[in-house]
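The structure under discussion appears below in the form of structure tokens.
The values are calculated or read from the model by the stated rules, or taken from the named source; none is laboratory data. The structure presented is a predicted model; accordingly, all values stated were derived computationally and were not measured. Cβ: placed from backbone, ideal geometry, glycine included. Neighbour counts: every protein chain shown. Each accessible area value is taken on the protein alone, full model and side chains, heavy atoms only, with ligands, DNA and RNA left out. Shrake-Rupley method; radii C 1.70, N 1.55, O 1.52, S 1.80 Å.
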Amino acid sequence: MTAPDPQHPDPDLERLVAERTAALTELVTHLMNCWDEERRLLARQLHDSLGSSMTALTMHLGLLSKGLTDAKSLDRAGQMKTLLNGIIETNRQVQLTLWNDKLEFLGVKAALSELVAEFGQEHGIAAHVSLPDDDDAYARGQGVALLRCAEEGLQNALQHARASRVDVILDDDGEQLMLTVRDDGVGLARPGQPEPLRSHGVRLLRERARALGGSVSLAPIESGGTALTMVLPRHPAM
């Protein structure tokens with residue numbers, strides 16, 4: 001059997017590899033779209049069913065509490081109200097993790113603002129967001145990809161970089177959208193540590209960006225820290 005010549009690659013093999021790569025990219029894109037839609041529908045069901053039921057129970061409990069007079073019953077009613085409020089908040093957090101409603105109804109800028117603000121409050125990290133002044137609408141696929149990039153960058157800053165400050169910056173020059181998540185953490189992996197670009201989170205981001213004609217990069221910052229950047233064409237090819 002003749003060994004392949006690296007100087008003269010087999011055109012049939014190259015064609016086969018290209019076709020296989022295109023098929024895999026299409027499959028991954030389809031799976032991610034299905035995953036996003038399932039998460040959106042599940043979050044909507046939690047909001048419409050469980051969320052509304054918990055809110056109604058809280059209102060009924062409030063009405064019942066008005067007829068109570070003894071201290072023991074009032075204390076028990078107060079405990080039940082606290083428990084219900086906790087369930088409502090947990091449900092809200094689960095919904096937000098699955099799908100940010102602001103992305104669908106108010107756009108990616110509102111979703112990014114909420115995401116960054118809640119991240120900073122929850123983890124005690126200085127988190128800031130910078131957004132374009134123009135209130136342009138983006139396609140859902142673009143919004144989902146940008147939001148997932150922000151989520152991945154924030155989690156990396158929290159779990160791996162040990163950062164004290166994170167900046168999420170969205171730029172729109174009319175031709176391209178560029179989202180950068182910049183932290184002041186320990187930087188990229190040192191020798192012997194896992195390569196960040198091989199993580200599943202970053203791989204999925206790359207596939208999302210590739211499906212929209214864009215790219216994802218992870219690079220060190222001269223002053224220290226890391227920048228995760230997603231670049232998408234402003235008007236993706238149909």
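Some notes on this structure:
- Count of residues meeting criterion [exposed (fewer than 15 other Cβ atoms within 10 Å of the Cβ), aliphatic (A, V, I, L, M) and touching a helix residue (DSSP H, G or I) at 6+ places or on another chain (Cβ under 8 Å)] in the stretch 62-79: 3
- Matching option when the condition is open to solvent by 30 Å² or more (accessible area, probe 1.4 Å) and free of Cβ contacts under 8 Å to residues at least 12 places away in the same chain, among LEU106, LEU115, LEU131: LEU106
- Residue tally, condition open to solvent by 20 Å² or more (accessible area, probe 1.4 Å) and either more than 18 Å from the chain's Cα centre (by Cα) or modelled with pLDDT of 85 or more (or both), over the stretch 160-179: 12
- Exactly one residue among ARG76, ARG182 is on the phi < 0 side of the Ramachandran plot and in a helix (DSSP H, G or I), and that residue is ARG76.
- Of all residues in the stretch 12-38, those that are open to solvent by less than 100 Å² (accessible area, probe 1.4 Å) have Cβ atoms under 6 Å from Cβ atoms of residues that are assigned to a helix (DSSP H, G or I), 6 or more apart or on another chain, in VAL28/GLU207; THR29/ALA211; ASP36/VAL144.
- Residues in the stretch 40-80 that are charged (D, E, K, R) and either in contact with a Leu (Cβ under 6 Å, 6 or more places away or on another chain) or over 30 Å from ASN100 (Cβ atoms) (or both): LYS66, ASP70, LYS72, ASP75, ARG76.
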